[in-house]
Amino acid sequence: MKNTFGSSVAITLFGESHGRSIGAVLDGMAPGIPVDEEFIRHQMDLRRSLSALSTARREADEVIIESGVFRGKTTGTPICLRIENQQARSTDYDKTELLARPGHADFTAHEKYHGYEDAHGGGHFSGRITAGLVAAGAIAISALREKGILIGTHIAACGGVCDRPFGDLGADIKALSSMPFAVLDSLAAEKMQAAIAAAKTEGDSVGGVLESAVIGMPTGVGEPWFDTVESLLSHILFSIPAVKGVEFGDGFALAAMRGSQANDPFRMQNGRVVTESNRAGGILGGITTGMPLHVRVAVKPTPSIYREQQAVDLAAMKDATLSIVGRHDPAIVHRARVVVDSAIALALCDMLALRFGTDWLAPGKEARA
């Protein structure tokens, strides 16, 4: 289905940026999983626009749980999560409704839906739709955490500035979980924010690279050929607006190595098989090795910028120029990191359910071989 990801644990996204509400339906989660509404609110706050580095559109993003949760636990039935749009200003888009904005899905949506699409604020293609994904992801993250599986993402690069690499994964992931601007090196964080602010002053925008790590994944998860760990994670990560690249482990850098450099040597450690290095990112043959998962995503610059740009008038079918108005982000990479965490969590829940059964995520259940 076009707006649904997953087979055992599935998420469906609905709504438009300027419609009455947006949200998600999460189906297949085992019964009895605790649903922490404070944690959901915390995750939504990480995605929200809360600083001068983000859009001036300030939404409350209160998540209304319509179904699937009773007395703070999942029931096993579909969980409907709805978020009202309270700060939409559709008039900002009236003059540009039929202009194909560079870098946006306006033209392709118009071609696919024959002009019947809601183009205000990007409609169903807007980054605002990720709010539903984050709400559902918060439940998935909580379920994984109960199984000892932790996810963390930092801004590895933005505006020409690089963060330090992951070190002590447990400590780094814990630190990142509460950071509104997820950078491990505080000096690098200041420089990145200055680069974003400079782009905003110039009416422009910047992109970045997000790097994620997952610890605690059991071995043997992943289904060859077409439901491998890389396949499913890439599938959901490429569904996030603005993501234009995904790599695992050392990724493209492996292409410049010899096999003697690229291979991760095996050895025994405390009765289990490990690898001395982790250039493969915790995945071999599309299946988890038990080593930490490492994945990076490239986030393009925000396409809505305040400089005059070339466009096409889809009503008149002629060239046009575009000067946007409205509320837009000079960078979205810092807001996208919690979206990446959520997407990874949802994909992992689906993979684990495929491997161990849908009830494995329930409290007290253990993995079976």
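Values quoted throughout were computed directly from the atomic coordinates according to the rules given, and no laboratory measurement underlies them. Here the structure is a predicted model, which means the values were calculated and not measured. In this analysis, Cβ positions are derived from the backbone assuming ideal geometry, glycine residues included, and neighbour counts consider all displayed protein chains.
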Give me the extension gain from residue 198 to residue 261: residue separation times 0.36 nm, minus the current Cα-Cα distance, reported in nm with one decimal. 18.7 nm
Once each part is reduced to its C-alpha centroid, what is the distance from the stretch 116-191 to the stretch 313-338 in angstrom? 23 Å
Rounded if a/c is under 1.5, else prolate if a/b is larger than b/c, else oblate: which is the stretch 74-167, with a ≥ b ≥ c the root eigenvalues of its Cα gyration tensor? oblate
Can you give the relative contact order of the chain as a percent, counting alpha carbon pairs under 8 Å and 6+ residues apart? 23 percent
Mind sorting 306, 113 by how few other Cβ atoms lie within 10 Å of their own Cβ, fewest first? 113, 306
In the chain, which whole DSSP H runs stretch at least 30 Å along their own axis (Cα) and average 0.5 or higher on the Kyte-Doolittle scale? 333-356
Any residue on another chain or 5+ positions along whose placed amide H is under 5 Å from the amide H of residue 35 is listed here as 73, 74
Listed with the fewest Cβ neighbours within 10 Å leading, 162, 349 appear as 162, 349
Protection proxy (average C-beta count within 10 Å per residue), highest first, orders 135-144, 200-209 as 135-144, 200-209
Checked the stretch 168-266 against the a/c 1.5 cut and the a/b vs b/c comparison, axes a ≥ b ≥ c from its Cα gyration tensor; verdict prolate
Suppose only helical runs count, i.e. DSSP H with n ≥ 4. What mean residue ellipticity at 222 nm does that imply for the chain under -39500 (n - 2.57) per run, divided by all residues and rounded to the nearest 500 deg cm²/dmol? -8000 deg cm²/dmol
Which FRET efficiency, nearest 0.05, do residue 45 and residue 2 yield, Cβ-Cβ r, R0 35 Å? 0.75
Restricting to lysines 8 or more places apart or on different chains, can you count the pairs in the chain with Cα atoms under 17 Å from each other? 9
Inverse of mean 1/r across different Cα pairs in the chain, Kirkwood, Å: 21.5 Å
Can you sort 272, 41, 82, 279 so the residue with the fewest Cβ neighbours within 10 Å comes first? 272, 41, 279, 82
